[in-house]
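Data first, discussion second: the structure below is written as structure tokens.
Where a number appears in this text, it was derived from the coordinates with a stated rule and is not lab data. It should be emphasised that the depicted structure is a prediction, and the values quoted were computed from it without experimental measurement. With ideal geometry, Cβ positions are generated from the backbone for all residues, glycine too; neighbour counts draw on all protein chains shown.
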Amino acid sequence: MKFKNPPVNSLSLELLTEFVISLEKLENDKTFRGVILSSDCPGVFSAGLDLTEMCGRNPAHYAEYWKAVQELWLRLYLSNLVLIAAISGACPAGGCLISLTCDYRVLADNPKCLIGLNETLLGIIAPFWFRDTLVNTIGHRAAERALQLGLLFPPAEALQVGMVDQVVPEDQVQSTALSVMAQWMAIPDHARQLTKNMMRKPTVDRLLKQRDADIQNFVSFISRDSIQKSLQMYLEKLKQKKG
Amino acid sequence: MKFKNPPVNSLSLELLTEFVISLEKLENDKTFRGVILSSDCPGVFSAGLDLTEMCGRNPAHYAEYWKAVQELWLRLYLSNLVLIAAISGACPAGGCLISLTCDYRVLADNPKCLIGLNETLLGIIAPFWFRDTLVNTIGHRAAERALQLGLLFPPAEALQVGMVDQVVPEDQVQSTALSVMAQWMAIPDHARQLTKNMMRKPTVDRLLKQRDADIQNFVSFISRDSIQKSLQMYLEKLKQKKG
Amino acid sequence: MKFKNPPVNSLSLELLTEFVISLEKLENDKTFRGVILSSDCPGVFSAGLDLTEMCGRNPAHYAEYWKAVQELWLRLYLSNLVLIAAISGACPAGGCLISLTCDYRVLADNPKCLIGLNETLLGIIAPFWFRDTLVNTIGHRAAERALQLGLLFPPAEALQVGMVDQVVPEDQVQSTALSVMAQWMAIPDHARQLTKNMMRKPTVDRLLKQRDADIQNFVSFISRDSIQKSLQMYLEKLKQKKG
């Protein structure tokens, strides 16, 4: 029942596609009822969307990439599986979004485990369905402040604002996720799935109604010279850090 | 101003009908401005919907029963009266729903006073207007978790999540409800009623728009063999416990 | 970057008009990126709407006044500027509304600094866009109770319910507001503004769709004999207090 992201935890187009296919297989395999999402990359749950997919490419590529991001969210947010995020590393932007689609979030009590939708810090904007997912989780006011400031919450604050459900010592993240899973497994699947669907379908429908428009918005926004420049500068910085 | 449920606190069709009629009378009697809802059945506020009305009957009966449940909710949720729930016993499912329609909830500090919409535990699903009432009270995220897991909150947790407004020692539930009532009575009726209406009407309108469809949904869901079987098993268990 | 309300802090038609014009100038002046709203009237942030504009006048005046109130809210709630409320005095009704349109609220830790939408206490009703602004800030349940009871929260409760973001000693309100402003200034303007717009536009659109109807509602409500009488009584009381 444990699912691991491949070594590189930034969400490349390839990773997104594989992720969705794996998820579909698990959904259709009746022996699987729940999945614990965790990372095998030390220090990072997922670095989020892959900026190299959003920088220096052509509009068709941007459109394809964005459609894959949408697809992952759609699959995860309405998954019939119980999804539990076991977060033992940094969890910014797209990584945070993935955790927010889960039914429960366990975060390691380590000051490096920052979690949040920090898009504004890069000069970009979380799309409306990132917003909806966050508002559904922490409410309108907290989401408004967090999104505008691009806040990355340390564990205690993440717990207080409701970004995660539980903060535990790092070596207990997996075991906690497992015992939480046992609690969710105790509920009749059919009733739980219909209830989950009832809670989340209106949010999903909002994207489905305007999925193409959302892709067009993304493509035209990300293609702007000013956005490309600031992404390039950010990528340069990252490279220098690594080098 | 005090209203008592008849001895059997499960919501039979007869009880629902009488409840709605009593409520209408009180609404139309200008000498009544508020009602404290409490139970004269020790240990239970209300056991919720009456499973014997939902099990082994014909579709017409299910439809009639569900319409009566809707009617009670519609009356309570938009009542012009100040409604205060004084809860000194268990408060699951439909009992919880009734308390959620009140303007204020006082709960006895007794570990047996569990409160929540625990439908999934019986393999059934809270309908969308139960969901809306809960989301309006405790927010989207807490409602999502509570509804999926069928959580029954003990007093301290019920207070923390916002399911109730106050937890007091068992012998102070009535006196607290009375002093809270005095606070609400101090507000000009007309302004208070219009404000309450403004807060709740959009939620009520959602059911009114699709009331018949909601009845049809209920009838077809409850008539399923699998649901009837699991309700029958549950009722058997209850009988064995009593015997 | 600091903005002061003129000496009389009740929102007269003249003040509203000037306020909107000043705000427009600041929005268009690219050297201004944020504004701290505070009061130079000791003990009061703003007394709220000017009852003398709503009492003993003709319908055309009421309509003009209400349109100006709407206009202020529309400008403030979607302002591209970072707005921070530094509240060192009482903050009822319209004063509270202004603070709720800000991006952050700092309140002085003084029991006289009460904050809330207390319209029902005067026998009047907060319009639906006051409601929406409050629900966006403190959630549905807390808003329902606060609006019905016309609650004015003292600092500790205001912080707990989420009506304000921070409570500090009175002499630190301005300095705290300034350091909060520095935090908001650190975010790229464009991304922050688009994100703010995404969070708030749906709420603004609800008023824009029915702006004229809302004016008509206000005019017919405020013109009622019963409302005029209760406002006159309230104004008499205020005069006697002063005298």
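Taking other Cβ within 10 Å of each residue's Cβ, how do C:L152, C:L207 sort, fewest first?
On the way: C:L152 21, C:L207 17.
Neighbour counts put them in this order, fewest first: C:L207, C:L152.
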Quiz item: Given labels modelled 7 Å from the Cα in the Cβ direction, how far is it in nm from B:L235 to B:T52?
Solution: 0.9
Quiz prompt | Centre separation in Å (Cα based) which lies between the stretch A:157-221 and the stretch A:89-133 | solution = 12
Quiz item: Taking only the alpha-carbon atoms of the stretch C:1-132, what semi-axes of the equivalent ellipsoid follow from 5 times the gyration tensor eigenvalues under a square root, in whole Å, largest first?
Solution: 22, 19, 13
Quiz item: If the label for C:D40 sits 7 angstrom from Cα along the Cα-to-Cβ line, what are its distances to the same label in every other copy, in nm to one decimal, shortest first?
Solution: 6.7, 6.7
Exercise. Pull up the DSSP beta bridges for the stretch C:43-188 and report the antiparallel fraction as a percent, rounded to 5.
Key: 10
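Direction-averaged shadow area of the convex hull around the Cα atoms of the stretch A:105-238, nm²? Kindly include the intermediate steps, with their values, before the conclusion.
Working: hull surface 41.1 nm².
That works out to 10.3 nm², a quarter of the Cα hull's surface.
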Exercise. Rounded to the nearest 10 degrees, what's the angle between the helix B:173-185 long axis and the longest principal axis of chain B, both from Cα atoms, 0 to 90?
Key: 60
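Can you pull out the trypsin sites (Lys or Arg not before Pro) in the stretch B:119-226 whose DSSP state is coil and whose Cβ has at most 13 other Cβ atoms within 10 Å? Before the final figure, lay out each step's value.
Values: sites: B:R131, B:R141, B:R145, B:R192, B:K196, B:R200, B:R206, B:K209, B:R211, B:R224; in loops: B:R224.
Those satisfying the criteria are B:R224.
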Self-check item: Net lengthening on full extension, C:E71/C:F32 (0.36 nm per residue, minus Cα-Cα)
Solution: 12.0 nm
Quiz prompt | Distances in nm from B:S175 to the matching label points in the other copies, shortest first (labels 7 Å along Cα to Cβ) | solution = 4.7, 4.7
Quiz item: Equivalent-ellipsoid semi-axes (√(5λ), Cα gyration tensor) for the stretch B:161-243, whole Å, largest first?
Solution: 37, 27, 9
Quiz item: Where the label is 7 Å out from Cα toward Cβ, how close does C:D109 come to the same position in every other copy, in nm, shortest first?
Solution: 2.7, 2.7
Practice problem: Taking H placed 1.01 Å from N in the peptide plane, check which residues at least 5 places from A:F153 or on another chain put their amide H under 5 Å from its amide H. | Solution: A:I115, A:G116
Quiz item: Which Rg and Dmax, in Å, describe the Cα atoms of the protein assembly as shown?
Solution: 27.0, 80
Self-check item: Net lengthening on full extension, C:T17/C:L178 (0.36 nm per residue, minus Cα-Cα)
Solution: 55.3 nm
Quiz prompt | Cα-based helix-to-principal-axis angle, C:59-77 vs chain C, degrees rounded to 10 | solution = 20
Self-check item: Cα long-axis angle, helix B:140-149 against chain B (0 to 90 degrees, to the nearest 10)
Solution: 40
Quiz item: If you draw the axis that swings chain C onto chain A, which residue of C has its Cβ closest to it, and how far is that in whole Å?
Solution: C:G139, 3
Quiz item: Based on the Cβ-Cβ distance of A:N197 and C:R224, what FRET efficiency does E = 1/(1 + (r/R0)^6) give at R0 = 45 Å, to the nearest 0.05?
Solution: 0.45
Practice problem: Please report Rg over Rh for chain A, where both radii come from the alpha carbon positions and Rh follows the Kirkwood definition. | Solution: 0.95
